[in-house]
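Asker: Encoded as structure tokens, here's the structure I'll be asking about.
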Amino acid sequence: MTRIIAGRARGARLGVPSAGTRPTSDRIRESLFGALESMGALEEARVLDLYAGSGALGLEAWSRGGESVDLVELSRPAATITGRNAGIVAKAMGLPMAAKVHQSAVRPFLTRARGPYDLVFTDPPYDLGDDAMNADLAALAPLLSPDAVVVIERGKRATVPDLASAGLELLRSKTYGDTTLWWAGPASDQA
């Protein structure tokens, strides 16, 4: 089990798929969301959580003031758990459902999605190749609002994503143990 750390659904317990996902630790989520709050990236944000797993990142953003969240997960068992978690968070907040679970591969979802998104989490399996990761970012870029923040989570030995080819620029990065987070946004000349 994992939990929502803060916001209107603080303390809500979330299910975690038994296999095939790598939940972001509470320590990393606390640091990540502290940074996002200081950037003003959460309030009324349209959130997209790619490779959602349990949906903890997207649902945490919703709990902390996000307007809506799209959770994209290919695995049917994980998508089912994500849907249950979205219901738990909506009930804890006393709000109607503003989270949608899309059981889909990321790239096909991005080709049919309608933006703009203000905050995006992409936490792919560590074995996802660099070319696939960069292709995801390129497909995502047209769906971003001008002030969007994209958070990319990868293993610390992973190659830095090719942000420039996707029209993005690095805002900051931080390594926590075996995990590195990169924050990116639309490049100045793209916005």
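Asker: For every other residue with a beta carbon closer than 9 angstrom to the beta carbon of TRP183, add +1 if it is Lys or Arg and -1 if Asp or Glu, then tell me the sum.
Answerer: Around TRP183, the charge tally is +2.
Asker: How high is the relative contact order of region 7-99, in percent, with contacts defined as C-alpha pairs under 8 Å that are six or more residues apart?
Answerer: In percent, rounded to a whole number, it is 34.
Asker: Hey, another quick one. Determine the relative contact order of the chain: mean sequence separation of Cα pairs under 8 Å and six or more apart, normalised by residue count, in whole percent.
Answerer: It comes to 18 percent, rounded to a whole number.
Asker: Which value in Å does the Kirkwood hydrodynamic radius of region 54-191 take, with 1/r averaged over all unlike C-alpha pairs and then inverted? Intermediate results must be reported in sequence, preceding the final value.
Answerer: Details: mean 1/r = 0.0641 Å⁻¹.
Final number for the Kirkwood radius of region 54-191 is 15.6 Å.
Asker: What residues have an amide H closer than 5 Å to that of TYR117, excluding those fewer than 5 places away on the same chain, when H is modeled at 1.01 Å from N in the peptide plane?
Answerer: Amide H to amide H, under 5 Å and 5 or more residues apart or across chains, TYR117 pairs with LEU144, SER145.
Asker: Let me ask something additional. Output ³J(HN,Hα) for region 161-175: one whole-Hz value per residue in order, computed from phi by the Karplus curve 6.51 cos²θ - 1.76 cosθ + 1.60 with θ = phi - 60°, and x for Gly and Pro.
Answerer: Values, residue by residue: x, 7, 5, 4, 5, 9, x, 10, 10, 6, 9, 5, 8, 7, 10 Hz.
Asker: Right, something else. Quick check: net charge around ASP130, other residues with Cβ under 13 Å of its Cβ, Lys/Arg +1 and Asp/Glu -1?
Answerer: In short, -2.
Asker: Next up: Can you grab the distance from the C-alpha centre of region 6-47 to the C-alpha centre of region 54-81, Å, no decimals?
Answerer: 10
Asker: Tell me, what is the percent relative contact order of region 127-191, built from C-alpha pairs under 8 Å that lie six or more residues apart? Mind dumping the intermediate values first?
Answerer: Details: 92 pairs, mean separation 23.9, N = 65.
Contact order relative to length: 37 percent.
Asker: Here is a further query. For a quick check: with amide H placed at 1.01 Å from N, whose amide H comes under 5 Å from ALA99's, ignoring anything fewer than 5 positions away on the same chain?
Answerer: VAL69
Asker: Sorted from largest down, give the three principal axis spans of the alpha carbons of region 3-128, whole angstrom values.
Answerer: Extents along the principal axes, in whole Å: 31, 30, 29.
Asker: Which angle between 0 and 90 degrees, to the nearest 10, do you get for helix 76-93 versus the longest principal axis of the chain when only C-alpha atoms count?
Answerer: It works out to around 60 degrees.
Asker: Using C-alpha positions alone, give me the convex hull volume of region 128-191 per residue in cubic angstrom.
Answerer: Enclosed volume per residue, from the Cα hull, is 69 Å³.
Asker: Under 14 Å from a point 7 Å along the Cα-to-Cβ line of LEU95: which residues of region 40-76 have their amide N that close?
Answerer: Output list for this probe position: 42-48, 58-71.
Values quoted throughout were computed directly from the atomic coordinates according to the rules given, and no laboratory measurement underlies them. Since the structure is predicted, the reported quantities are computational estimates derived from the model, not experimental observations. Neighbour counts run over all protein chains shown; Cβ positions are idealised from the backbone, glycine included.
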